[in-house]
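A.B. asks: Pasting in a structure now, in structure tokens, and then I'll have a few things to ask.
The values are calculated or read from the model by the stated rules, or taken from the named source; none is laboratory data. Source: prediction; values computed, not measured. Heads up, the Cβs are rebuilt from the backbone with ideal geometry, glycines too, and the neighbour counts pull from every protein chain shown.
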Amino acid sequence: MKTVVVTGANRGLGLALAKAFLQAGWKVVAVVRHAVELPANPNLQVEACDLTSAEQLPALVQRLQGMPVDILVNNAAVYDWPSPQQDVASTDFNQLTQLFQTNTIAPKLLADALVPNLQVGTDKLVVTMSSGMGTYAEFENYHAVHWAYSASKAAVNYAMVSFAELHRDIKSTLIDPGWMQTEIGGPDAPLSADESAANIFKLITEHASKLPNAKMVDYGGGEMHF
Ligand SMILES: NC(=O)c1ccc[n+]([C@@H]2O[C@H](COP(=O)([O-])OP(=O)(O)OC[C@H]3O[C@@H](n4cnc5c(N)ncnc54)[C@H](OP(=O)(O)O)[C@@H]3O)[C@@H](O)[C@H]2O)c1
């Protein structure tokens, strides 16, 4: 049985991806910030971890020691504008630090720490959810307003291309999941998390032919420019 680790698996795209992998008979290690109820399944292992905690992230890695991991999906992230009442998230020093820790630093540190697990897995793949907002190619005024989220995604793109350069035996791909109806995407988004997850599941499980190394693709598999 193959194993996938999915971060932020309690809601949104992460939950939809976890369900898709479980349905296909994979073992899913669901990394969630707080202990939460997820649909019962014998192939589901729930691991509570605040990925920005300097104690909890190494403790998670320790708990997973020796477990072959075929695929890591770095999905957890936060937006820079959590609610209309909290529009200071692009200016407040502590919130900015938390944002970069979640969106940029944690995915790279988790991937680095799980290299031994990935090296004994069969797929040897790290997928990191990014965004067109983190590209210079799609730069526009809205992205400048949300510079913090956009910059955190541009930085994770760089971090995970660097990961690919430094670990030639592991593939590292960035995916833009599209604008989805989730807490980050809001209710006006055209896509449901389930629709995006169905496409991304196909890309990931057929990654040998559908995912390039050290590049970013959209949820349909089309290559995007950084
Ligand atoms: N939605 C969109 O339109 C869109 C567009 C482009 C890219 N993306 C990207 O797609 C991915 C999934 O987004 P989504 O829309 O599904 O977001 P979401 O519904 O807001 O879910 C975010 C997930 O990240 C988790 N998380 C946040 N901080 C964490 C931490 N410190 N430790 C552990 N988990 C943490 C959240 O856990 P809690 O429940 O504990 O907060 C939640 O499970 C993200 O990388 C996002 O940037 C989304």
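A.B. asks: Considering only residues that are surrounded by 14 or more Cβ atoms within 10 Å (Cβ to Cβ) and over 18 Å from Cys49 (Cα atoms), look in region 72-91 and name the one that is modelled with the lowest pLDDT. Lay out the reasoning, then the answer.
C.D. replies: Taking region 72-91 and keeping what is surrounded by 14 or more Cβ atoms within 10 Å (Cβ to Cβ), we get 72-82, 89-90.
Now restrict to residues that are over 18 Å from Cys49 (Cα atoms): 79-82, 89-90.
Working: Tyr79: 93, Asp80: 89, Trp81: 75, Pro82: 59, Ala89: 64, Ser90: 71.
It comes out as Pro82.
A.B. asks: May I pose another question? Would you mind finding the one in Ala164, Ala154 that is at pLDDT 95 or above, within 17 Å of the chain's Cα centre (by Cα), within 16 Å of the ligand (Cβ to nearest atom) and part of a helix (DSSP H, G or I)?
C.D. replies: That would be Ala154, the only listed residue that is at pLDDT 95 or above, within 17 Å of the chain's Cα centre (by Cα), within 16 Å of the ligand (Cβ to nearest atom) and part of a helix (DSSP H, G or I).
A.B. asks: Here's something else I'd like to know. Among the numbered criteria (1) part of a loop (DSSP other than H, G, I, E, B); (2) over 20 Å from Gly12 (Cα atoms); (3) of a type in the set (A, V, I, L, M, F, W, C), which one does Leu51 miss?
C.D. replies: (2)
A.B. asks: Scan region 6-37 residue by residue and report those that are surrounded by 19 or more Cβ atoms within 10 Å (Cβ to Cβ), within 15 Å of the ligand (Cβ to nearest atom) and in a loop (DSSP other than H, G, I, E, B).
C.D. replies: Correct list: Gly8, Ala9, Asn10.
A.B. asks: Just give me the residues in region 114-154 being aliphatic (A, V, I, L, M) and surrounded by fewer than 17 Cβ atoms within 10 Å (Cβ to Cβ), in sequence order.
C.D. replies: The answer is Val120, Ala137, Ala144, Val145.
A.B. asks: I'm trying to understand the selection: among the residues of region 54-65, which are part of a helix (DSSP H, G or I) and free of Cβ contacts under 8 Å to residues at least 24 places away in the same chain? If you could, list the steps in order and put the result at the bottom.
C.D. replies: At the first step, the residues of region 54-65 found to be part of a helix (DSSP H, G or I) are 56-63.
Those that are part of a helix (DSSP H, G or I) and free of Cβ contacts under 8 Å to residues at least 24 places away in the same chain: Gln56, Ala59, Gln62, Arg63.
A.B. asks: Okay, moving on. Would you be able to tell me the number of residues in region 167-197 that are aliphatic (A, V, I, L, M), in a loop (DSSP other than H, G, I, E, B) and under 18 Å from Val126 (Cα atoms)?
C.D. replies: Residues of region 167-197 aliphatic (A, V, I, L, M): 170, 174-175, 180, 184, 189, 191, 193, 197.
Filter once more, keeping what is in a loop (DSSP other than H, G, I, E, B): 170, 184, 189.
Cutting the leftovers down to under 18 Å from Val126 (Cα atoms) gives us 170.
So the answer is 1.
A.B. asks: Follow-up. What number goes with the only condition from (1) part of a loop (DSSP other than H, G, I, E, B); (2) on the phi < 0 side of the Ramachandran plot; (3) in contact (Cβ under 8 Å) with a residue 12 or more places away in the chain; (4) away from the ligand (no atom under 11 Å from the Cβ) that Val46 does not pass?
C.D. replies: Exception for Val46: condition (1).
A.B. asks: Name the helices (runs of 4 or more DSSP H) wholly inside region 94-151 in which the number of residues that are away from the ligand (no atom under 15 Å from the Cβ), under 13 Å from the mean Cα position of the chain (by Cα) and of a type in the set (D, E, K, R) is 2 or more. I'd like the intermediate steps shown before the answer.
C.D. replies: On the way: elements: 106-113, 115-119, 141-145.
No helices (runs of 4 or more DSSP H) qualify here.
A.B. asks: Pull out all pairs, ordered by first then second residue, where Cβ-Cβ is under 9 Å, the residues are six or more apart or on different chains, the first lies in region 174-187 and is of a type in the set (Asp, Glu), and the second is in a strand (DSSP E or B).
C.D. replies: Pairs that qualify, where the first residue is of a type in the set (Asp, Glu) and the partner is in a strand (DSSP E or B), are Asp176/Met129; Asp176/Met216; Asp176/Val217; Asp176/Asp218; Asp176/Met224.
A.B. asks: Taking into account only those residues within region 183-197 that are over 14 Å from the mean Cα position of the chain (by Cα) and crowded, with 18+ Cβ neighbours inside 10 Å, which is farthest from the ligand (Cβ to nearest atom)? Break it down stepwise before answering.
C.D. replies: Step one: list which residues in region 183-197 are over 14 Å from the mean Cα position of the chain (by Cα), which gives 183, 185-192, 194-195.
If we keep only those that are crowded, with 18+ Cβ neighbours inside 10 Å as well, we get 185, 191.
Details: Gly185: 3, Leu191: 7 Å.
Among those residues, the one meeting the criterion is Leu191.
A.B. asks: Go through region 198-226 and report how many residues are surrounded by fewer than 16 Cβ atoms within 10 Å (Cβ to Cβ), touching a residue at least 24 places away in the same chain (Cβ under 8 Å) and assigned to a helix (DSSP H, G or I).
C.D. replies: Selection size over region 198-226: 1.
A.B. asks: I would also like to ask the following. Hey, Ala40 hits all of (1) exposed (fewer than 14 other Cβ atoms within 10 Å of the Cβ); (2) within 14 Å of the ligand (Cβ to nearest atom); (3) aliphatic (A, V, I, L, M) but one; which does it fall short on?
C.D. replies: (2)
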